[in-house]
Structure formats: C-alpha cells, structure tokens
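As structure tokens, the structure follows; a few thoughts come after it.
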C-alpha cells in the first residue's frame with residue numbers, strides 16, 4: 001500500500017518527505033489498515049518517519065472493535081539489529097509492537113519469552129514463507145506492507161506479495177527514490193488489474209493481483 005508519483009518515486013531527489021497522497025489516498029490507506037490483521041514495515045522506514053500509520057476514521061475504528069479486534073492493527077517492524085531509537089513517537093502510539101528479526105538459515109521461528117522493553121512480541125525467522133506461516137499461526141494472516149522499498153523488493157522477489165495497491169499522485173519527482181530498488185530481480189508479470197478508481201485531487205487508486213505461479 002503505497003502512494004507514488006507518476007514516475008514511481010516515493011521521495012524527491014534529495015530524499016525526505018514528498019507529502020504524497022491527499023484525503024482520498026488517506027481513506028484508502030485506512031481502509032487497508034482496517035482490513036489487515038497487522039501492518040509490516042522496515043526499521044529504516046520507521047526511523048525516517050518516526051511513527052507508523054494509524055486508523056483515524058471513526059467508522060473504521062468502530063467496525064474493527066465490533067469484530068472483536070484491536071482498534072489498531074499491530075505494527076510488525078522488521079529489523080536486523082533491533083535498534084530503534086527510544087525517542088520516536090512510535091513508542092507512544094496506541095498499538096501493539098512486534099519485532100521481527102532474521103535468524104540463522106535453518107533456524108526455527110521462535111517467539112522470545114521476554115521481548116525487549118517496549119515490544120509486545122519478538123519473532124525470529126529464517127525465510128519469508130516461514131515468517132508468514134508463523135504470523136498466520138498467531139492470527140496475523142492478512143498483512144499490509146507500508147514500506148520501505150528494500151523490504152517491498154525482497155518480498156516481491158520472494159513471491160510473498162499477493163496484491164499491489166498504489167495511489168498514483170499527479171507529480172513528477174525524479175531522482176533515485178523509486179518504490180522498488182533496481183537491484184532486485186522480480187518474477188515476471190503481467191499482474192491482473194482488480195480495481196481502479198479516482199481518489200479526488202487527480203489521484204488514482206490502482207489495485208493489482210499477483211498472477212498465478214507457473215504450474216499452479
């Protein structure tokens with residue numbers, strides 16, 4: 001779930017916030033969060049932005065609570081070091097925080113009996129399919145990926161992204177900050193268009209589904 005410029009950029013050439021996405025994009029983002037069991041983001045994205053996205057729309061919050069779920073989906077932060085600055089607003093946001101850390105190849109997914117301070121759970125994993133299975137076993141099957149580009153590229157390369165939801169914004173930014181890194185080798189398409197609708201402010205929502213794998 002990403003807002004991107006017409007040339008597929010997330011940030012201006014010098015980096016920093018591009019302020020992409022208007023009111024319609026924000027509603028689409030919150031609808032995706034309301035659908036999700038959890039939201040996944042990379043540690044560097046969290047360090048840069050300081051916080052994760054929250055649901056604010058009263059109708060979406062009410063519906064999640066009516067379904068017996070937490071008002072906000074847990075934030076799943078992928079980090080190799082586990083080092084997240086303690087002064088970020090993230091630590092004061094009203095949600096559960098899970099720390100996901102890569103383990104040595106062949107290791108089993110394990111939940112820490114006592115996660116580090118500030119984290120509700122800690123989970124180690126050795127492969128993307130194993131991580132998804134472990135999260136599904138915890139009741140977190142429907143995930144929304146909030147960034148960043150390196151994490152999106154890794155998951156796409158591993159065939160672990162089922163849908164793409166992009167808000168196309170009427171800007172040309174240029175520069176190197178694409179929503180996918182050029183270094184990743186990605187499986188071939190074409191992806192299947194499932195939805196397209198205007199969001200207002202000349203923005204367009206595009207939702208694609210991953211094509212079936214060969215032999216599936």
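Worth pointing out:
Yes/no matrix, rows are residues, columns are (1) in contact with a helix residue (DSSP H, G or I) (Cβ under 8 Å, 6 or more places away or on another chain); (2) modelled with pLDDT of 95 or more; (3) on the phi > 0 side of the Ramachandran plot:
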residue	(1), (2), (3)
109	yes, no, no
113	no, no, no
123	yes, no, no
164	no, no, no
198	yes, yes, no
216	no, no, no
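- Residue in the range 85-107 that is modelled with the highest pLDDT, counting only those that are assigned to a loop (DSSP other than H, G, I, E, B), more than 24 Å from residue 30 (Cβ to Cβ) and in contact with a strand residue (DSSP E or B) (Cβ under 8 Å, 6 or more places away or on another chain): 103
- Residues that are in contact (Cβ under 8 Å) with a residue 40 or more places away in the chain, buried (at least 18 other Cβ atoms within 10 Å of the Cβ) and assigned to a loop (DSSP other than H, G, I, E, B), drawn from the range 33-57: 36, 37, 52, 53
- Pairing each residue of the range 21-32 that is over 17 Å from residue 71 (Cα atoms) with any residue that is assigned to a loop (DSSP other than H, G, I, E, B), provided the two are 6+ apart or on different chains, yields C-beta distances under 7 Å for 22/201; 24/201.
- Residue match in the range 66-88 (condition: crowded, with 16+ Cβ neighbours inside 10 Å, touching a residue at least 40 places away in the same chain (Cβ under 8 Å) and out of contact with any helix residue (DSSP H, G or I) (no Cβ under 8 Å at 6 or more places or on another chain)): yes
- As a summary of the residue check, residue 118 satisfies the conditions (1) modelled with pLDDT under 95; (2) under 25 Å from residue 49 (Cα atoms); (3) touching a strand residue (DSSP E or B) at 6+ places or on another chain (Cβ under 7 Å); (4) surrounded by 13 or more Cβ atoms within 10 Å (Cβ to Cβ) except for the one numbered (4).
- Within the range 124-165, being free of Cβ contacts under 8 Å to residues at least 60 places away in the same chain, touching a strand residue (DSSP E or B) at 6+ places or on another chain (Cβ under 6 Å) and part of a strand (DSSP E or B) holds for 124, 163, 164.
- Selection over the range 181-195 of residues that are touching a residue at least 12 places away in the same chain (Cβ under 8 Å) and under 16 Å from residue 162 (Cα atoms) gives a count of 9.
The values are calculated or read from the model by the stated rules, or taken from the named source; none is laboratory data. Remember, it's a predicted structure, so these values are computed and weren't measured experimentally. Please note: Cβ atoms are built from the backbone with ideal geometry, for glycine as well, and neighbour counts cover all protein chains shown.
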